[in-house]
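Structure record follows, encoded as structure tokens.
Throughout, read-outs are computed from the coordinates displayed, never taken from laboratory work. Source: prediction; values computed, not measured. Neighbour counts are summed over all protein chains in view; Cβ atoms, including those assigned to glycine, are modelled from backbone coordinates with ideal geometry.
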Amino acid sequence: MGILEAIILAIVEGLTEFLPVSSTGHMIIASSMMGIASEDFVKLFTIVIQLGAILSVVVLYFKRFFQSVNFYLKLFVAFIPAAVFGLLLSDTIDSLLESPLAVAISLVIGGVILLFVDKWFTKPTIKKEENIDFVTAFKIGLFQCIAMIPGVSRSGASIVGGMSQKLTRQVAAEFSFFLAVPTMLAATGKKLYDFFKDGNSFTSEQIQILAIGNIVAFIVALLAIKSFIGFLNRNGFKLFGWYRIVVGTAILVLMALGVQLKVV
């Protein structure tokens, strides 16, 4: 993988990580079209550049991350389900990650759900993050676990989970962003730990590519988050639902045509 491919993947990551469209599904298409999906470094790259995306959340919501200990406690409680299920079901998750079919089906099903989610949850009562209690945070964390099925979308699952607990669309989306920080940090940390534990190391070229990827992912994610909140408040989820259905169908069509797709 060269610098150009790294920039393209980082743009895809930044655009899709915090939107309810599944970054995994988009990474499948992008890396497969560039012919680099099977490279081990590409698989590691797509995880590590999440650090750049995480940083965008911290920068955008800087004051929120330093407002109270209670804020961190709620994030920890919401993170617990993903940590537990991630450890218990790691083998099952890894096997699902090898299935483009699972991703495509999840994209389509999730898209159908997003077509109706605005009609299902019409009377939110929690209009500030400060009003989310620990039980509600834990329930949202359970919803996030659904995203262990590739193609579901971590942000999509946690946002819908938040709305089901009577959070407004904006508060649900923002809490999903906050929850991404410990979740993605843990996933990246584990990936890097396994990498170095096996005696591997990065070349100077790979370090350069990782640095560029994280910078690009950071900038793009920053813009994507700011745009997403405004769009969500004005238009809801229906467009994202149709978009997911189109992408999932595209993957199914490519598979039917014999195109070899690999999940990164």
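A few notes on this one:
- Answer label for Cα extents along the principal axes in Å (calculated), chosen among (i) 49, 41, 35; (ii) 59, 41, 33; (iii) 53, 37, 34: (i)
- From most to least packed by mean Cβ count within 10 Å, the peptides 115-128, 239-252, 76-89 give 239-252, 76-89, 115-128.
- With Cα atoms, 0 to 90° folded angle of helix 100-120 axis to the chain main axis: 20
- Cα-Cα over 28 Å, subset of LYS119/LYS226; LYS139/LYS190; LYS128/LYS190; LYS123/LYS226: LYS128/LYS190
- Over the chain, DSSP H runs of length four or greater, each weighted -39,500 (n - 2.57), average out per residue to a 222 nm ellipticity of -24500 deg cm²/dmol.
- The mean sequence distance of close C-alpha pairs (under 8 Å, at least 6 residues apart), as a share of the length of the chain, puts its relative contact order at 40 percent.
- Helix 238-256 vs. the chain, principal-axis angle (Cα, 0 to 90°, nearest 10): 30
- Options SER227, THR249, LEU88, ranked by Cα towards positive dipole end of the chain, top entry (Cβ charges): SER227
- Multiplying the residue separation of SER201 and ASN131 by 0.36 nm and removing their Cα-Cα distance gives an extension gain of 20.7 nm.
- Nearest-ten-degree value, helix 204-235 long axis tilted from longest Cα axis of the chain: 30
- Prolate is the label for the range 156-254, because a/c, from the alpha-carbon gyration tensor with a ≥ b ≥ c as root eigenvalues, is 1.5 or above and a/b exceeds b/c.
- Under the simplified labelling scheme, the LEU73-LYS119 pair shows an inter-label distance of 4.1 nm, with each label point 7 Å from Cα along Cα→Cβ.
- When each of the peptides 213-221, 193-201, 225-233 is scored by how many other beta carbons lie within 10 Å of its residues on average, the order from highest to lowest is 213-221, 225-233, 193-201.
- By the count of other C-beta atoms within 10 Å, a proxy for reagent exposure, ILE140, ILE146 are ordered fewest to most as ILE146, ILE140.
- Label point distance in nm, ALA186-PHE65, each placed 7 Å from Cα along Cα→Cβ: 1.8
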